Amino acid sequence: MRHRFSSLTVVLVVVFLLTITHSLVEAKEWPGKTSQWNGYTRHDLSLHGRAAIVVEPEMIVEGRPWIWRARFFGHRPELDLALLKAGYHLVYCDVANLFGSPAATTHWDKCYKTLTTEYQLASKPVLEGMSRGGLIVFNWTAKNADKVSCIYVDAPVCDIKSWPGGRGHGKGSPPTWKNMLQAYQFENDQQAVDWDGNPLDQADALANTKLPLFVVTGDADDIVPMEENVIPIVNAWKKAEGPLEVVIKPGIGHKHGLDDPQPLIKFVLKHSR
């Protein structure tokens, strides 16, 4: 027996379904203190008990793409500003004093879930790690490669023995080393030296993700020497033939950014749209 539906019934059903769909995908409003940052709306909030910052673009593009900065919010913001202009959100979740430890990656796991569900940001952010930010960016990627669009690192720490440990050619930082021991819950120095969960220890696995990687580093960096940090990861990426661009700044120490950021901006836009 055929069932006939009036046009009014069909319209009501469609409206009902659209209402349900809208309620499911509508993003929450950002909480916290609101201010202005470089002409964009900034929200200072707490995510799972730690400080966070979200900056909204003027025009939010389809898919709600975003860049996740790991450290030094506001420092050398050329890429951040370019992506905001392109409609990306900018997110910072403070795990600076956790040094890429399991506690840090667990916190990012929680933040990622909240940001991509409650606030409907895209499932694959751009990751941005300067200096110690390299630890969390690479360690989180090692667990969540399917949740990353591309990676930008700048003078990144890739081995705690190098920094803050100073167990290689770098200066190290004894006070920071003590803080790092606490963050990792190491009982002594030897446990930290024996730790095999550094980005450097996972170089091949990271490279085999074939995620697009853009690296900036200085060949005169005596705080985070590139030879004992990012260069082995670069070599692994080359071997795996993953998308890679490397800028080595001659005679430059532990300083971030590029005089001409356009190659970086183009790389990130190409691999994250």
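Coordinate-derived values only; no laboratory data. Only a predicted model underlies this, so the values are computations on that prediction, with no experimental measurement involved. No Cβ is skipped: glycine too gets one built from the backbone with ideal geometry, and neighbour counts run over all protein chains shown.
The figures follow:
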read-out: Förster radius 35 Å - calculated FRET efficiency between THR41 and LYS178, Cβ distance, rounded to 0.05; value: 0.35
read-out: Pair GLU58, GLN185: separation of 7 Å Cα→Cβ label points (nm); value: 4.8 nm
read-out: Check: region 33-272 dipole with +1 on Lys, Arg Cβ and -1 on Asp, Glu Cβ, in debye; value: 440 debye
read-out: Flagged links, alpha-carbon separation over 19 Å, of LYS85/LYS143; LYS147/LYS210; LYS85/LYS270; LYS85/LYS266; value: LYS85/LYS143
read-out: Relative packing of 81-92, 243-254, which averages over residues the other C-beta atoms within 10 Å, highest first; value: 81-92, 243-254
read-out: GluC sites (Glu not before Pro) restricted to region 42-96 and DSSP loop, no more than 11 other C-beta within 10 Å; value: GLU58, GLU62
read-out: Length-normalised contact order of the chain in % [C-alpha pairs under 8 Å, at least 6 apart]; value: 15 percent
read-out: Theoretical ellipticity at 222 nm over the chain - DSSP helices of four or more residues, -39500 (n - 2.57) apiece, nearest 500; value: -11000 deg cm²/dmol
read-out: Simple label model, 7 Å out from Cα along Cβ direction - LYS171 to LYS238, nm; value: 2.9 nm
read-out: Within the chain, percent of DSSP bridges classed antiparallel, to nearest 5; value: 40 percent
read-out: From phi via Karplus (6.51, -1.76, 1.60), per-residue ³J(HN,Hα) for region 248-259 in Hz, x at Gly/Pro; value: 9, 8, x, x, 9, x, 7, 10, 9, x, 10, 4
read-out: Angle in degrees between helix 230-240 and the longest Cα principal axis of the chain, rounded to the nearest 10; value: 60 degrees
read-out: Trypsin sites (Lys or Arg not before Pro) restricted to region 191-253 and DSSP loop, no more than 14 other C-beta within 10 Å; value: LYS210
read-out: Whole-Hz ³J(HN,Hα) from phi, Karplus 6.51 cos²θ - 1.76 cosθ + 1.60, for region 159-169, glycine and proline x; value: 7, 5, 5, 6, 9, x, x, x, 7, x, 9
read-out: Crossing angle, helix 174-184 versus the chain [Cα axis fit, 0-90 degrees, rounded to tens]; value: 40 degrees
read-out: Degrees between helix 102-117 axis and first principal axis of the chain (Cα, 0 to 90, nearest 10); value: 20 degrees
read-out: Calculated from backbone phi, Karplus (6.51, -1.76, 1.60) coupling profile of region 210-226 in Hz, x at Gly/Pro; value: 6, 6, x, 10, 10, 10, 10, 7, x, 7, 10, 6, 9, 9, 10, x, 5
read-out: Identified option (computed Kirkwood radius over Cα pairs in Å; candidates (i) 17.9; (ii) 19.9; (iii) 18.7); value: (ii)
